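A short worksheet on the structure shown next.
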Amino acid sequence: MNGKMKMQLKEYFEAPEPEKKQEFMAGLPSQGVSIMDFLLLQAAYIPKWVWGLSALIFALALIGAGYLKKDILWCVSACMPLPALAFVAESGRSEAWGMAELEMSSRFSLRSVLLARLGILGLADLLLFFLLLPLAYMNGDKPLFETGVYMLCPYLLTVFLGLRASRRAQGREAAWLCGAIALGVGLGYILMYQWSLEFYAAGNFPWWAAAFVLLSLGTAKQCAETLKQKEELVWSLG
Amino acid sequence: MNLEEQYDKIYRYCYFKTRSRETAEDITQEAFLRFFENRGYTDRGRALQYLYTVARNLCIDEGRRQRAWALDEESAGVYSDEEMLRRTSLKAALETLDETDRELLLLRYVNELPVHIIAGLYGISRFALRRRLAKAVKDLKYRLGEEDMP
Amino acid sequence: MELRIDRVSKQYKNKLAVDRVSLELHEGVYGLLGENGAGKTSLIRMVCGVLRPSSGSISFDGLDVGDEEYRAVLGYLPQDFGYYPEFSAQDFMYYMASLKGLNKARARARTRELLELVSLSDVAKKKIKTFSGGMKQRLGIAQTLLNDPKLLVLDEPTAGLDPKERIRFRNLISRLGRDRIVLLSTHIVSDVEHIAGTILLMKEGRLLQKGSLEEVTQVIQGKVYELTACAERAEELARSYVVINYRSEGEKVFLRFVCEGQPPEEAAAAPAGLEDLYLYYFSEAKGHE
């Protein structure tokens, strides 16, 4: 079956022009949304401050790169928990505002909504990462790959712990816990760097690499678990 | 799912089966109306299956109602001699095939329906369908090859 | 149209909230009546796919409750719902429309239509946090209709509505019930009495009764009595029978109660209503099963 034959077949099966088509089309109930439309719509519902935060971090990094030189790496790394926090916060937004039940029973259930939003946020964070990476690399003294790993670890750690926490705790409690985690990771970074110059020593890199792999897998698992949990109301006893 | 595109395809299919522009259009519209009535928001895969099933059933019902079908003339168009020759040789080749084979060729290669939907429509396995399609194409090529020999 | 609930149960750690409930619902309005307890809301949530049954199945015209197509024909008003901060009524409707798969044009059209229907058109752009309880409830009702659902499930829908709004709501539901399955869960007996074609009585997770108003009150027809007596006698009687109404009228007390066997002499029989039935089943007085 080649293109030529297909053309010929098409000719053979040609039908006379339909006459009432336009009229019919005009009268039809309009269609639902496509997946792309859905994603775009959901992107619009991600709170604006999240985008602002990323922009701010990027701007600060740009400015700071000039002053901090090679210290930029750990500064940027210490900031990574913030977008991570936004990511985790997004996962709990529906429950926090009492929208979960409504979302769960809609055609595009809570799960797809969350998948869409977290997916978009994840991509945005990835973009932020790729914008910050050259800044950190060029001003620093480490290879590109290592720089990337150093930056991603705090992000992954925050998301990993944060998602776990938001599944165990609820509402206000969860929010405080996640905030504390982000703060803890960020501060922890700064402190460890100050105390131990060995932190970013080349010899230690294998540890970082291992942590990176473990955290990546762990975070992916936590995301899956969180999404699964949204499939039904878990905390209702009423 | 592009409604307009699917309208044309279903209409083409119905025309093939009923040989009447008016009937084909009515059946096409009926199929879409039922689709919206019952499942306005389904995803693409099930939608096509549903539309074609309804269309096919309506065509079969229509066929039962009018046993004698007058074969429509080719739609208006001016063809060069060469084209005419080519068209008639393709037509002749196609008409040596089984009615069902022609229908399958229409669905698969002109309407570009996915294999699993066609298989579902006829209640046969994808394997059987692919085999049948391959045979039909082979026969067709053979017939056309024959015709093209000097 | 058929909603089939087949031997559905919900078991929590130490409580059986729903106990093997089986139901077949067709077009019309169904009133699910029962105490404020686990059973009703758990069943409602299972029908809406928000809670998974421990056993049994639920399907609508062959669609399983877990299918996306099932949710596509469902409209649900939960007992409690929130909204994202800073949302106006219109924002809320648009957001729900996006979740229900409506495209922008349709979302706009339906939102306009429905806000009009529940008399919220003039506050469409106002923030929900400025709304009264009744207004928020009307908004909740509006969002359930966005996708023109075939299965409409409403959990305590008239909570917070004033009498006029309640009447408008009842009329709306009656209209909708003509070509849809409407399942109303409530503990407000008068709502059920006025709009439900079929009454479903639930107690302790089990379906006690299913039927029209007449069928369901059959159980206590001829068992409801009224009398007016002095306070002491009233106290005495109140201890032996299920009391439906105990009202002081000056020095005397008016008593309406249910009596299974021989009633006290001075009592007069009264026709039984749904409220009587409800109290008969759900009060904690002695002398009742």
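The set of residues from the range B:57-71 being among the polar types (S, T, N, Q) and modelled with pLDDT of 80 or more comprises just one member, B:Asn57. Only residues that are free of Cβ contacts under 8 Å to residues at least 40 places away in the same chain and either more than 23 Å from C:Gln90 (Cα to Cα) or within 13 Å of the chain's Cα centre (by Cα) (or both) were counted across the range C:146-161, and they come to 1. Just one of the listed residues (C:Leu43, C:Leu33) is out of contact with any helix residue (DSSP H, G or I) (no Cβ under 8 Å at 6 or more places or on another chain), of a type outside the set (Val, Ile, Thr), more than 10 Å from chain A (Cβ to nearest Cβ) and within 30 Å of C:Ser190 (Cβ to Cβ), and it is C:Leu43. Taking the criterion of being crowded, with 18+ Cβ neighbours inside 10 Å and within 12 Å of A:Leu82 (Cα to Cα), the residues of the range A:153-181 that qualify are A:Pro154, A:Tyr155, A:Leu156, A:Leu157, A:Thr158, A:Val159, A:Gly162, A:Cys178, A:Ile181. Among the residues examined, A:Ala15 does not qualify as away from chain B (no Cβ under 14 Å), in contact with a helix residue (DSSP H, G or I) (Cβ under 6 Å, 6 or more places away or on another chain) and either surrounded by 14 or more Cβ atoms within 10 Å (Cβ to Cβ) or modelled with pLDDT under 80 (or both). Scanning the range C:195-216 for residues that are within 18 Å of C:Asp155 (Cβ to Cβ) and not β-branched (Val, Ile, Thr) yields C:Ala196, C:Leu200, C:Leu201, C:Met202, C:Lys203, C:Gly205, C:Leu207. When the range C:132-166 is filtered for residues that are exposed (fewer than 15 other Cβ atoms within 10 Å of the Cβ) and in a helix (DSSP H, G or I), the ones remaining, listed by number, are C:Gly133, C:Pro163, C:Lys164.
Per the conditions (1) in contact with an Asp or Glu (Cβ under 6 Å, 6 or more places away or on another chain); (2) crowded, with 18+ Cβ neighbours inside 10 Å; (3) away from every other protein chain (no Cβ under 14 Å), the sole criterion not satisfied by C:Val50 is (3).
Right, B:Leu94: in contact with a helix residue (DSSP H, G or I) (Cβ under 9 Å, 6 or more places away or on another chain), among the aliphatic types (A, V, I, L, M), over 30 Å from A:Asp37 (Cα atoms) and at pLDDT below 80 or not? Answer is no for this residue. Looking at this structure, is C:Lys129 within 14 Å of chain A (Cβ to nearest Cβ) and either more than 20 Å from C:Gly34 (Cβ to Cβ) or part of a loop (DSSP other than H, G, I, E, B) (or both)? Answer is yes for this residue. Of the residues making up the range A:166-186, those that are out of contact with any Gly (no Cβ under 8 Å at 6 or more places or on another chain) and in contact (Cβ under 8 Å) with a residue 60 or more places away in the chain number 7. Taking the listed residues A:Leu39, A:Leu9, the one that is more than 7 Å from chain B (Cβ to nearest Cβ), at pLDDT 80 or above and in a helix (DSSP H, G or I) is A:Leu39, with no other qualifying. Here A:Asp71 fulfils each of the conditions (1) part of a helix (DSSP H, G or I); (2) at pLDDT 80 or above; (3) not aromatic (Phe, Trp, Tyr) apart from (2). Return yes when C:Ile58 is within 30 Å of C:Thr130 (Cα to Cα) and touching a residue at least 12 places away in the same chain (Cβ under 8 Å) and no when it is not. Taking the combined requirement at face value, the residue does not satisfy it. Of the strands (runs of 3 or more DSSP E) lying entirely inside the range C:14-73, those containing at least 1 residues that are under 18 Å from the mean Cα position of the chain (by Cα), on the phi < 0 side of the Ramachandran plot and assigned by TED's automatic domain parsing to the domain that holds C:Pro149 are C:16-25, C:28-34. Among the residues of the range C:80-126, what is the count of those that are within 11 Å of chain A (Cβ to nearest Cβ), surrounded by fewer than 18 Cβ atoms within 10 Å (Cβ to Cβ) and assigned to a loop (DSSP other than H, G, I, E, B)? Total satisfying the criteria: 5. If the condition is being among the polar types (S, T, N, Q) and closer than 24 Å to C:Asp276 by Cα, then the range C:34-57 contributes C:Asn36, C:Thr41.
So that you can scan it fast, the table gives a plain yes or no per residue for (1) modelled with pLDDT of 90 or more; (2) under 22 Å from A:Arg107 (Cβ atoms):
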site: C:Arg20; (1), (2): yes, no
site: C:Glu24; (1), (2): yes, no
site: C:Gly34; (1), (2): no, no
site: C:Arg45; (1), (2): yes, yes
site: C:Val50; (1), (2): no, yes
site: C:Ile58; (1), (2): yes, yes
site: C:Asp61; (1), (2): no, yes
site: C:Glu69; (1), (2): no, yes
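Restricting attention to the range C:53-79 and to residues that are facing another protein chain (nearest Cβ under 7 Å) and among the acidic types (Asp, Glu), the residue that is nearest to B:Phe36 (Cα to Cα) turns out to be C:Glu69.
The values are calculated or read from the model by the stated rules, or taken from the named source; none is laboratory data. In this text, all values refer to a predicted model and were calculated from it rather than measured experimentally. Cβ sites come from the backbone with ideal geometry, for glycine too, and all protein chains shown count toward neighbours.
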